[in-house]
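*Asks:* Pasting a structure here, questions to come.
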Amino acid sequence: MRYLLFILFLSSLGLLPARPALAQQTVLSGYVQLGLQADLNLKQQQFQLQKALLMLDETRTAFRPTVQFNTTYSTAVGGRQIAFPVGSLLNPVYTTLNKLTETKQFPQVADYKENFYPKDFYDTRFHTMMPLINAELRLQRSLQGEQINALKAEQDVYRRELTKTIKMAYFQYLKAAEVVVICETGLRLLTDTERFNKSLVQNGKANPTVLVRMQGELGSARLRLEEARSDQQQAALYLNHLLNRAPAEPVLFDSTYRATRPQAPLTDGNREELAGLRSLMSAQQLQLQVNKVSNKPKLGLSLDVGSQGNVATLAGGDQNFLTPNGFILAGISFDLPIYTAGRRQLKMAQNRADIAATELRLTQTLNDLNAQMQQAELAFQAALTRYDQQKEQQPWADRYYRDLMKLYREGMVGYVELLDAQNQVMKQQIEQTLRLYDAWIRLAQLERVKG
């Protein structure tokens, strides 16, 4: 029975071959996808990106015609008047004509006065406008495109950072879960040894002080187990928090990583931080071009089609909406800035300062990323070295324990020596487990800095 427990102990610690997983990293890949889909910050960034895309679509429609329908009605009483001396001009002529023809064919006409503010006046029209030449609008479209690229790069940076965090949290959980298994198996082995020692004491083949030592070791083993379970629960809580799940949601255990030695990524990818800064610089350069062409002329067309006149004439039936009140009005607008008190030059100077600052930031970021990559590679290789060294030491501790177990059965060594060997096996295996998953965590960090 003790030998069977020891075999189970070694198997749980990873010393015996494990069954191959059906699909490597399936569980972790699923958690990464779940975290990316459920992350609220990532959803907010997606809405911001959608807004930027809609703004770009809005800018693209700037060169298309816009049509508005406008109608106004106004009426007034009093105010200034405009006098038309029609009677004073025509009545003498009409009088002379009546005398010559000896008729009253030409009646007298009164002078006419028109209020400056019209009464019962309406104006209804369709107003159409379309820009023909506007360099700023074309550059604004390209500018917004680069801003969208910068937003996408920022989103990719956050996505990669979240992926790294989820991987590290999952490896921390696996580490804690492995330690729990080790402590549970060690406790069972101590319990079985306690029963064996009791039988030896009852048969007079062992000193009763052995049982006193056993109680102390069992208490320490239970304490280690409780601490390991607490670490596992905290790791599960943090992982579920990253996945936006309920705190009590169970976490799946993937044994693939226990039997697999981490391998460094072969190639380097493009860092999104650099792509975002390059897009930002392109946007700043386009903004400089916008300010440069702000003094260029702008040309546009306008067209009004509608009707205006007096409402009473429409109601009387003498006129209709189109005849003779209908009209068509076409126009061309030409804008050319002449003097802006130096504001254009000041804006351009600000743009050049922004571009220079972004260039320095890009250089600094590139240096920082190279340093981070070198540090991550060194840390990963160091973690692998520590794991390999620890793995080489484990077989010697196992053999030493097995040899002492045989001697203990034969009564050639005391229980203290056997207990010390057992503690060494557990300590070595816990250390090996910690170093293995530390290497996996370093790999996640290396994958992040390599992009």
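*Asks:* Tell me, please, whether a residue that is on the phi > 0 side of the Ramachandran plot and touching a residue at least 24 places away in the same chain (Cβ under 8 Å) can be found in segment 427-443.
*Replies:* no
*Asks:* What is the one condition in (1) touching a residue at least 12 places away in the same chain (Cβ under 8 Å); (2) closer than 30 Å to Trp440 by Cα that Asn367 does not satisfy?
*Replies:* Going through the list (1) touching a residue at least 12 places away in the same chain (Cβ under 8 Å); (2) closer than 30 Å to Trp440 by Cα, Asn367 breaks only (1).
*Asks:* List the pairs whose first member sits in segment 190-219 and is assigned by TED's automatic domain parsing to the domain that holds Gln422, whose second member is among the aromatic types (Phe, Trp, Tyr), and whose Cβ atoms are under 7 Å apart, counting only residues at least 6 apart or on separate chains?
*Replies:* Asn197/Tyr415; Val210/Tyr415; Arg213/Tyr415
*Asks:* Looking only at residues that are over 30 Å from Leu54 (Cβ atoms) and in contact (Cβ under 8 Å) with a residue 60 or more places away in the chain in segment 98-153, which one is nearest to the chain's Cα centre (by Cα)?
*Replies:* Arg125
*Asks:* State whether the residues of segment 382-390 include one that is without any contact (Cβ under 8 Å) to a residue 60 or more places away in the chain, in the same structural domain as Ala264 (by TED's automatic domain parsing) and closer than 22 Å to Leu274 by Cβ.
*Replies:* Scanning segment 382-390 turns up no residue that is without any contact (Cβ under 8 Å) to a residue 60 or more places away in the chain, in the same structural domain as Ala264 (by TED's automatic domain parsing) and closer than 22 Å to Leu274 by Cβ.
*Asks:* Is at least one residue of segment 145-154 assigned by TED's automatic domain parsing to the domain that holds Ala421, surrounded by fewer than 16 Cβ atoms within 10 Å (Cβ to Cβ) and of a type in the set (S, T, N, Q)?
*Replies:* no
*Asks:* For residues in segment 50-70 being touching a residue at least 60 places away in the same chain (Cβ under 8 Å), outside any strand (DSSP E or B) and not hydrophobic (A, V, I, L, M, F, W, C), which is surrounded by the fewest Cβ atoms within 10 Å (Cβ to Cβ)?
*Replies:* Arg64
*Asks:* Also: Going through Ser220, Ser282 one at a time, which residue ends up being more than 29 Å from the chain's Cα centre (by Cα) and in a helix (DSSP H, G or I)?
*Replies:* Ser220
*Asks:* Checking the structure you have, find out if any residue of segment 201-212 is under 19 Å from Thr165 (Cα atoms) and assigned to a helix (DSSP H, G or I).
*Replies:* No, because not a single residue in segment 201-212 is under 19 Å from Thr165 (Cα atoms) and assigned to a helix (DSSP H, G or I).
*Asks:* Another question, if that's okay. Condition first: out of contact with any Ser or Thr (no Cβ under 9 Å at 6 or more places or on another chain), free of Cβ contacts under 8 Å to residues at least 12 places away in the same chain, surrounded by 14 or more Cβ atoms within 10 Å (Cβ to Cβ) and more than 22 Å from Leu162 (Cβ to Cβ). Can you find one or more residues in segment 73-91 that meet it?
*Replies:* No; the residues of segment 73-91 include none that is out of contact with any Ser or Thr (no Cβ under 9 Å at 6 or more places or on another chain), free of Cβ contacts under 8 Å to residues at least 12 places away in the same chain, surrounded by 14 or more Cβ atoms within 10 Å (Cβ to Cβ) and more than 22 Å from Leu162 (Cβ to Cβ).
*Asks:* Taking segment 201-236 only, how many residues are surrounded by 17 or more Cβ atoms within 10 Å (Cβ to Cβ) and among the aliphatic types (A, V, I, L, M)?
*Replies:* 8
*Asks:* Moving on. Mind checking which pairs have a first residue in segment 277-291 that is farther than 15 Å from Gln350 by Cα and a second that is at pLDDT below 95 and not in a helix (DSSP H, G or I), Cβ under 7 Å, 6 or more apart or different chains?
*Replies:* Here the result reads none, with nothing in segment 277-291 linked to a residue that is at pLDDT below 95 and not in a helix (DSSP H, G or I).
*Asks:* Got a sec? Which of Thr340, Thr358 is buried (at least 16 other Cβ atoms within 10 Å of the Cβ) and of a type in the set (Val, Ile, Thr)?
*Replies:* Within the list Thr340, Thr358, the selection yields Thr358.
*Asks:* Separate question: Which numbered condition trips up Ala264, out of (1) under 17 Å from Trp440 (Cβ atoms); (2) surrounded by 17 or more Cβ atoms within 10 Å (Cβ to Cβ); (3) modelled with pLDDT under 95?
*Replies:* Answer for Ala264: the failing condition is (2).
The values are calculated or read from the model by the stated rules, or taken from the named source; none is laboratory data. Not measured: the values here are computed from a predicted model. Every residue, glycine among them, receives a Cβ derived from its backbone with ideal geometry; neighbour counts consider all protein chains shown.
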